[in-house]
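First up is the structure itself, then whatever we jot down about it.
Read-outs throughout are calculated quantities, based only on the coordinates presented, and are distinct from any laboratory measurement. Only a predicted model underlies this, so the values are computations on that prediction, with no experimental measurement involved. Here the Cβ positions follow ideal geometry from the backbone for every residue, glycine too, while neighbour counts run over all protein chains shown.
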Amino acid sequence: MATKRTHSDLALYRRLLRLARPYWGHLVALFSLSLLASPLALLTPLPVKIVVDSVLGSHPLPGFLDALAPSTLAGSSSGRLILAVSLVAIIALIGQLRDFSATLLRTYTGQEVVLAFRSQLFSHAQRLSMAYHDRQGPSDLLYRIQWDAPSIQYIAIDGVIPFVSALLTVVTMLYVTILIDWQLAVVALVVAPLLAVITQVYRSHLRNVSREVHSLQSAAHSVLHEALGAVRVVKAFGQETRESDRFALRTDETMKAQIRLAKAEGGLGLLGSMTTALGTALVLFIGARHVQSGELTLGSLLLVMSYLAQLYGPMRAIGGRMASMQRHLASAERAFALLDESHEVEERPNAIPIGRATGAIALSNVSFGYSLERGVLRDVSFDVPAGTRVGIAGATGAGKTTLVSLLTRFYDPTHGAITLDGVDLRDYRLADLRNQFALVLQDTVLFSTSIAENIAYARAGATREEVIEAAKAASAHEFITNLPEGYDSVVGVRGMTLSGGERQRISLARAFLKDAPILVLDEPTSSVDVKTEESIMEAMGRLMHGRTSFMIAHRLSTLANCDIRLEVDNGSLVRVTGPADPAGAPLIFSADVIEGLEVHEHP
């Protein structure tokens with residue numbers, strides 16, 4: 001799993017807001033619209049006060065309205081009633097227009113911010129080393145990119161802006177309440193410290209439970225991904241019930257964690273509501289006494305109680321948003337943990353560009369292990385002149401695939417160095433280096449698109465004519481043209497609508513189209529029959545011509561046309577053989593026979 005890191009709330013807010021910096025203009029506009037909520041909230045109960053005090057009672061209109069309203073309306077109770085009713089409609093219209101504009105802007109900005117964050121996570125995940133992907137697997141990465149990334153929208157847009165807006169509303173309501181009756185304002189304010197203490201007590205617990213929920217949800221997602229990705233194996237062994245039970249167990253654990261989270265959020269909400277209810281009861285009691293003593297009009301009391309509801313509403317909302325914020329901060333933490341993963345295969349600051357290599361490769365005392373405890377290659381050294389066809393043989397797990405993976409810098413050696421045309425691979429630009437290689441793997445990877453697009457994946461901008469020429473060179477053109485839609489035929493998920501031999505020939509066509517100077521063939525014929533192997537071997541012979549080639553195979557017959565054969569045993573290079581003699585027996589050469597070839601013999 002990705003390294004677990006914890007961050008303070010403030011550190012996460014800063015980092016998320018930095019990511020949202022390109023959208024500051026949108027955020028400012030959204031914040032401005034949210035600020036309109038405060039004056040609208042102040043105006044909403046005003047018509048009721050006018051009706052109670054100035055229509056049903058004999059009090060004049062509030063000062064600012066008395067100055068603004070036409071004398072024909074302000075001078076009679078009927079006019080004041082019309083004014084109050086009109087204010088209800090005007091305030092409602094302005095409020096709806098504000099809500100509509102804010103919703104559109106919030107949706108657009110939120111989607112843009114999430115898209116940018118997801119793209120950054122996806123780009124970073126693709127650039128992490130194969131060692132990281134080997135350890136982590138795809139499921140948790142998918143969850144972080146798809147489900148943890150949207151946390152930025154809630155925090156930056158649906159969290160921070162409404163939080164600040166609610167805070168301003170609280171301050172505004174409190175100020176107006178002080179102007180009406182300062183004693184009621186003091187009583188109302190007593191609950192604020194209590195709410196702050198309650199929220200702080202729950203904050204840490206909410207974050208911890210939220211982390212647990214996301215971790216368990218990711219684990220359940222992993223079960224789905226594994227079972228559906230290996231559905232043939234599941235069906236072949238009749239393990240559908242077992243996988244369903246495994247998924248049910250994960251989802252049950254997730255449900256229990258979500259219930260714990262709901263209890264924590266519910267407890268926070270309950271304590272917050274009871275605290276504000278206590279404050280409301282005290283204000284109502286004291287306010288009623290003030291009306292009875294003549295210190296306050298009934299309309300003013302109604303206005304204060306309405307403002308109090310709008311004062312405590314944002315206070316409770318602040319507490320509720322703090323609870324929701326912890327859930328989303330836990331998601332943000334997980335997303336940033338992915339971004340904080342270092343590139344184990346780094347490109348040096350002044351990396352050297354390379355156009356087209358000649359293909360001369362040398363390994364000098366190369367050792368590699370996936371961990372300190374698990375060594376895979378030990379002290380391997382050899383030189384391969386440009387254009388040489390190298391066969392690599394050895395038992396399963398001997399280190400053959402790891403050896404060629406070092407050539408493309410999927411991993412870097414633990415010790416020693418690998419050079420291409422006399423330059424250490426780590427000195428080249430990574431993209432330029434990998435552009436020197438064409439790979440044909442045992443497990444052919446095709447994408448769920450057309451055959452033409454799968455072949456053209458090797459080179460962006462390749463024409464249809466170039467794709468067809470590559471397919472012909474790979475002996476794939478005939479079977480492709482016999483398909484109902486020819487080169488436009490969609491191959492299905494991972495190319496499973498095609499046979500193994502057909503998929504392999506498309507992979508070969510992709511390698512032909514790339515036209516790289518170095519070729520890596522990893523067990524290219526292990527999963528096909530003898531007749532198909534002959535066709536593929538013929539195509540591979542054409543592909544290997546004039547290129548430095550590395551072919552891994554278990555069947556020694558597959559390596560018959562190689563210039564040099566390396567045999568790997570338990571991570572060590574044990575011998576080198578040359579081409580067969582006329583009688584068919586392989587010739588075993590020492591290091592000084594093959595020019596430029598250095599071999600470390602092991603007993």
Percent of all alpha-carbon pairs of the chain at distances over 36 Å, whole number, is 57
Antiparallel content of DSSP bridges confined to the chain, in %, to 5
55
In segment 11-117, chymotrypsin sites (Phe, Trp or Tyr not before Pro) in a DSSP loop with at most 10 other beta-carbon atoms within 10 Å
none
Under 10 °C and 1.306 mPa s, how fast does segment 9-339 diffuse according to Stokes-Einstein, given a Kirkwood radius computed over C-alpha pairs? Answer in µm²/s, whole number.
68
Straight-line reach from Lys49: which aspartates and glutamates fall under 17 Å, measuring Cα to Cα and dropping same-chain residues less than 8 apart?
Asp66, Asp181, Glu295
Can you tell me the orientation of helix 9-19 relative to the chain, as the angle in degrees between its alpha-carbon axis and the longest Cα principal axis, to the nearest 10?
70
In degrees between 0 and 90, to the nearest 10, how far off the longest principal axis of the chain does helix 298-339 point, with axes built from Cα atoms?
10
How big is the gap, in Å, between the Cα center of segment 543-559 and the Cα center of segment 398-420?
18
Can you work out the FRET efficiency for the pair His59 and Leu228, with r the C-beta to C-beta distance and R0 = 56 Å, to the nearest 0.05?
0.20
With a sphere of radius 14 Å drawn around the Cβ of Thr109, what net charge do the other residues whose Cβ falls strictly inside it have (Lys, Arg +1; Asp, Glu -1)?
0
Using the alpha-carbon centroid of each, what span in Å lies between segment 257-305 and segment 121-175?
34
If Rh is defined by the Kirkwood formula over all Cα pairs and Rg also comes from Cα, what ratio Rg/Rh do you get for segment 449-513?
0.91
From Cα pairs below 8 angstrom and at least 6 apart in sequence, can you work out the relative contact order of the chain, rounded to a whole percent?
14
PRE zone check, label point 7 Å out along Cα-to-Cβ of Asn365, amide N under 20 Å, scope segment 418-447, hits 418-420, 422-427
Can you give the alpha-carbon Rg of segment 346-414 over 2.2 N^0.38 Å, where N counts its residues?
1.24
When the Karplus curve 6.51 cos²θ - 1.76 cosθ + 1.60 is applied with θ = phi - 60°, which whole-Hz ³J(HN,Hα) does each residue of segment 436-444 get, with x for Gly and Pro?
7, 10, 10, 10, 10, 9, 4, 8, 5
Once you list every other residue whose beta carbon is under 15 Å from the beta carbon of His205, what net charge do they have if Lys and Arg are +1 and Asp and Glu are -1?
+3
Less than 15 Å Cβ to Cβ from Phe550, Lys/Arg counted +1 and Asp/Glu -1: what total charge do the surrounding residues give?
+1
Summing -39500 (n - 2.57) over every DSSP H run of at least 4 in the chain, dividing by its residue total and rounding to the nearest 500, the 222 nm mean residue ellipticity is -18500 deg cm²/dmol
Which FRET efficiency, nearest 0.05, do Leu441 and Ala277 yield, Cβ-Cβ r, R0 45 Å?
0.10
What is the angle, in °, between the Cα long axis of helix 500-514 and the longest principal axis of the Cα atoms in the chain? Nearest 10 is fine, range 0 to 90.
90
